[in-house]
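Each remark here refers to the structure printed beneath this line.
The values are calculated or read from the model by the stated rules, or taken from the named source; none is laboratory data. Predicted model, so just to flag it, every value in this text is computed and none were measured. Reconstructed Cβ throughout: ideal geometry from the backbone, glycine too, with neighbour counts over all protein chains shown. Note: accessible area is taken over every heavy atom of the protein model, side chains too, but ligands, DNA and RNA are not part of it. Shrake-Rupley method; radii C 1.70, N 1.55, O 1.52, S 1.80 Å.
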Amino acid sequence: MDKVFEPSELELWDAQGDPNQAIEIQGKIKELLQANRQRQQPLLAEIAGRGAWALPGVINATYVWMSEMEVQQTQTMLAGLMADLARGNPAATNLLFRAGILETPFPVPRAICRRALEALNWQPDERQTARLRQEIALASKIGDAQTVLDIYGLLLRTSSQTDLTGARNQCIEWVREKRAEAGALL
């Protein structure tokens, strides 16, 4: 019965969502980031209680409070929250992919959303795979190594020989340029 009132693709078409709710969730995330361990659990439960409706606000909070989310423990906590909010809702998972991976220019929010998708054992479909390949090509062209690493982290989940070859070629190119990112991609 809980899933009857979950938001669909229509309600989750944009990461902005309901602006009032997004702002309220952003405030809860700020409070969560400043809270001690005893207070964090009730806050997480309160946000999770909103279900997928809270996801746009959580994604937006990763942009707004980005400087406070550079700690791996915080990223893991938020990725877990996002995964819980999106679990069982294809529209929410698609929002994580679209707003958290494709549309964000920032590495910290993208890393958090990538972890959430990985926690959901998400696999890109053909259309999403093509979009990931486009993003890798664009990021490579402008020299954005972190975006290339993040997106390959999702793309290689398909185990496509074409993508494995592309990653290997990228790695060889970075090794020749003596870039530290080569080890991370390998």
- Yes/no for Ala145 being modelled with pLDDT of 85 or more, in contact with a helix residue (DSSP H, G or I) (Cβ under 8 Å, 6 or more places away or on another chain) and either over 21 Å from Gln72 (Cβ atoms) or of a type in the set (D, E, K, R) (or both): no
- Sole miss for Asn121 among (1) open to solvent by 20 Å² or more (accessible area, probe 1.4 Å); (2) under 20 Å from the mean Cα position of the chain (by Cα); (3) on the phi < 0 side of the Ramachandran plot is condition (3)
- Item | Residue that is farthest from Pro124 (Cα to Cα) [pool: residues in region 71-89 that are touching a residue at least 12 places away in the same chain (Cβ under 8 Å) and open to solvent by 20 Å² or more (accessible area, probe 1.4 Å)] | Thr74
- Task: Name every residue in region 165-186 that is within 22 Å of Ala111 (Cβ to Cβ) and either within 22 Å of the chain's Cα centre (by Cα) or open to solvent by 60 Å² or more (accessible area, probe 1.4 Å) (or both), in order of residue number.
- Result: Ala167, Arg179, Ala180, Glu181, Ala184, Leu185, Leu186
- Query: Do the conditions hold for Leu154, that is, is it of a type in the set (A, V, I, L, M), assigned to a helix (DSSP H, G or I) and surrounded by 16 or more Cβ atoms within 10 Å (Cβ to Cβ)?
  - Reply: yes
- Query: Of all the residues that make up region 158-171, how many are in contact with a helix residue (DSSP H, G or I) (Cβ under 8 Å, 6 or more places away or on another chain) and of a type outside the set (Gly, Ala, Ser)?
  - Reply: 5
- Message: Among the numbered criteria (1) within 21 Å of Pro105 (Cα to Cα); (2) at pLDDT below 90; (3) open to solvent by less than 40 Å² (accessible area, probe 1.4 Å), which one does Ala35 miss?
- Response: (1)
- Note on the structure: Given the conditions (1) assigned to a helix (DSSP H, G or I); (2) exposed (fewer than 15 other Cβ atoms within 10 Å of the Cβ), every one holds for Val58 apart from (2)
